[in-house]
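So the structure is just underneath, and the comments pick up after that.
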Amino acid sequence: MEYLNGKTWDEITREERFFCAELFYELKKNPKPFLDICKLNSNQKYEIGFEVCFYCDILKAYEMENNEYFSPKRTFDLVLFSDEKIHIFEAKSHQGFKNEQLKDIIKDPDEIRKLFEKINEEKKLMLKIPDLKIWAIISSNYEPSVL
């Protein structure tokens, strides 16, 4: 298209949503290559989530109010859920992570633990808190500057 300078949208976009959407659909078709790259058990059953509003949706699933304790806007780009572990992937397609984003990523394991503790307490449950691994991924086309 002329107005895109003769390029396709996927050649010029820098949106992580596009990047993660493509990855999500590839994983839905065949997760094995990605799991192999990440050195994850390809025999493990994973449910794949895209643009996951984790805190909001988990609280809704348990019919609980947030009371603004957990960020209602916190969204994870891509998530692999298994029985024992949650793998959260935060992605950047053509840029690096900002300090504020890195602070959120660092806080997430503690926030997720608190979320499940709150569910156990309020709902009188004994849910096992899943292990968590957070991955920060960037496009191979991105060349970060040295800090």
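Please treat every number below as a calculation from the coordinates, not as lab data. Treat the numbers as computed from the prediction; the structure is a model and nothing was measured.
Brief remarks on what is shown
- By DSSP, the beta bridges lying fully in the chain are antiparallel in about 55 percent of cases.
- Average Cα contact separation per residue, the stretch 1-121, under 8 Å, 6 or more apart, as relative contact order %: 24 percent
- Note on the stretch 25-102: Kirkwood radius taken over Cα pairs, Stokes-Einstein applied at 10 °C and 1.306 mPa s, translational D equal to 111 µm² s⁻¹.
- Residue-by-residue Karplus 3J(HN,Hα) for the stretch 123-139, coefficients 6.51, -1.76, 1.60, Hz, glycine and proline x: 9, 6, 10, 10, 4, 6, 6, x, 5, 9, 10, 10, 10, 10, 10, 10, 5
- Rg over Rh, two decimals, the stretch 62-144 (C-alpha only, Kirkwood Rh): 1.03
- Links that overshoot a 29 Å alpha carbon limit, given the list 7/85; 32/133; 29/103; 85/118: 7/85; 29/103
- In the stretch 9-138, Rg over Rh equals 0.98, where Rg is the alpha-carbon radius of gyration and Rh the Kirkwood radius from pairwise Cα distances.
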